[in-house]
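Heads up: the structure comes next, in structure tokens.
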Amino acid sequence: MVKRVLKGSYLALILLFMYLPILILVVFSFNDGKSMANWSGFTLHWYADLFSDRMILNSLWVTLSVAVISALAATVIGTFAAIGLHSMRKTPKAIITNISYLPVANPDLVTGISLMLLFVFFGISRGYVTLVLAHITFNLPYVIFSVLPKLKQTNNQTYEAALDLGATPGEALRKVVIPEIMPGIISGFILAFTLSLDDFVVSFFTQQNVQNLSITIYSLARKGINPKINALSTLMFVTVLLLLIIVNRRASKEEARMKGRNGRRNGVRAFSGEKAAQKG
């Protein structure tokens, strides 16, 4: 009993430490005053001011457009990269897999500075295009490692059967492989979109004339406490939270579907075994 209470208290403290600051931010985004110490009454005018601020709206447009374009591009490239990686032999597959992990394990600071130096070396002016390219770059590994587990769950004989029945490799890929791994593709897209949405470090080093929301929030925060920052951060938090809920729900449904499929297969095998034993 004491052990259970201690475990519950420990978990409660961790959750409190993690989410209390976010809760305070959300609550004070509805505070009528500018102070973060005193509650002056409920209001929505900070949200109204937020959507009438031209600089924030421009940053919102940049953020959403970059997130959508980079997520789509990373999903297409990452899906085909995962398919190619899945079909490789063991040794080169292991080498390329470890190389693909590097951008994930690499600090964002190193990634941002490296991309900035790359653009400077090739004489590419930093702006919207370099921002999109940078986001595609750091999103690729996440898509690859979202699709690879689904490829491991697929049956290669289905693809070969489609070829034997007269389908071209492209048709077999489009009509057999892609539908099987679609949950992983969708999860990879949502994850890439979420990561692009709130990126700051890589964006800071790879842009010069455009700003996304993270950079705009940083610029506003340097001037002091602004309640519009609370409102903007609240909206970003809710958006990311909803996307993560969608990803987790899809993962849970897919896991339940796979368990149901395996259960049916085991049931058929058991039934066939019983019939064979009776005949014997």
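What follows is calculated from the coordinates using simple rules that are stated; it is not laboratory data. Treat the numbers as computed from the prediction; the structure is a model and nothing was measured. Neighbour counts run over all protein chains shown; Cβ positions are idealised from the backbone, glycine included.
Hey, among the residues in segment 103-135 that are β-branched (Val, Ile, Thr) and touching a Leu at 6+ places or on another chain (Cβ under 9 Å), which one's nearest to Phe80 (Cα to Cα)?
Applying the first criterion (β-branched (Val, Ile, Thr)) to segment 103-135 yields 104, 110-111, 113, 120, 124, 129-130, 132.
Filter again for touching a Leu at 6+ places or on another chain (Cβ under 9 Å), leaving 124, 130.
Details: Ile124: 27, Thr130: 23 Å.
Here the residue is Thr130.
Scanning for something surrounded by 14 or more Cβ atoms within 10 Å (Cβ to Cβ), over 30 Å from Arg257 (Cα atoms) and either in contact (Cβ under 8 Å) with a residue 60 or more places away in the chain or out of contact with any His (no Cβ under 7 Å at 6 or more places or on another chain) (or both), does segment 138-147 turn up at least one residue?
Applying the first criterion (surrounded by 14 or more Cβ atoms within 10 Å (Cβ to Cβ)) to segment 138-147 yields 138-147.
Pick out the ones that are also over 30 Å from Arg257 (Cα atoms) and you get 138.
Then drop every residue that is not either in contact (Cβ under 8 Å) with a residue 60 or more places away in the chain or out of contact with any His (no Cβ under 7 Å at 6 or more places or on another chain) (or both), which leaves 138.
For segment 138-147, residues surrounded by 14 or more Cβ atoms within 10 Å (Cβ to Cβ), over 30 Å from Arg257 (Cα atoms) and either in contact (Cβ under 8 Å) with a residue 60 or more places away in the chain or out of contact with any His (no Cβ under 7 Å at 6 or more places or on another chain) (or both): present.
Taking the residues in segment 83-104 that are among the hydroxyl-bearing types (Ser, Thr, Tyr) and under 17 Å from Leu140 (Cβ atoms) as candidates, determine which candidate is surrounded by the most Cβ atoms within 10 Å (Cβ to Cβ).
Filtering segment 83-104 for residues among the hydroxyl-bearing types (Ser, Thr, Tyr) gives 87, 91, 97, 100-101.
Imposing the further condition that a residue be under 17 Å from Leu140 (Cβ atoms) reduces the set to 97, 100-101.
Values: Thr97: 15, Ser100: 18, Tyr101: 13.
So, considering only residues that are among the hydroxyl-bearing types (Ser, Thr, Tyr) and under 17 Å from Leu140 (Cβ atoms), the one surrounded by the most Cβ atoms within 10 Å (Cβ to Cβ) is Ser100.
Kindly check whether there is at least one residue in segment 163-172 that is crowded, with 20+ Cβ neighbours inside 10 Å, of a type outside the set (Val, Ile, Thr) and farther than 16 Å from Ser87 by Cβ.
No: zero hits.
All but one of (1) within 24 Å of Thr154 (Cα to Cα); (2) not in a helix (DSSP H, G or I) hold for Gly123; state the number of the condition that does not hold.
Here Gly123 clears every test but (1).
Could you give me the residue pairs with C-beta distances under 9 Å whose first residue belongs to segment 177-195 and is closer than 10 Å to Val147 by Cα, whose second residue is outside any helix (DSSP H, G or I) wherever it lies, and which are 6+ apart or on separate chains?
Pairs found: Ile181/Thr154.
Residues checked against (1) among the hydrophobic types (A, V, I, L, M, F, W, C); (2) in contact with a Leu (Cβ under 9 Å, 6 or more places away or on another chain); (3) more than 16 Å from Pro21 (Cβ to Cβ); (4) surrounded by 15 or more Cβ atoms within 10 Å (Cβ to Cβ):
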site	(1), (2), (3), (4)
Gln207	no, yes, yes, yes
Gln211	no, no, yes, yes
Ser214	no, yes, yes, yes
Ala221	yes, no, no, no
Gly224	no, no, yes, no
Lys228	no, yes, yes, yes
Val238	yes, no, no, no
Leu241	yes, no, no, no
Ile245	yes, no, yes, no
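Condition check ((1) free of Cβ contacts under 8 Å to residues at least 12 places away in the same chain; (2) within 26 Å of the chain's Cα centre (by Cα)) across all residues:
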site	(1), (2)
Leu20	yes, yes
Ser40	yes, no
Ala48	yes, no
Leu57	yes, yes
Ala74	no, yes
Phe80	yes, yes
Arg89	yes, no
Ile96	yes, yes
Ile99	yes, yes
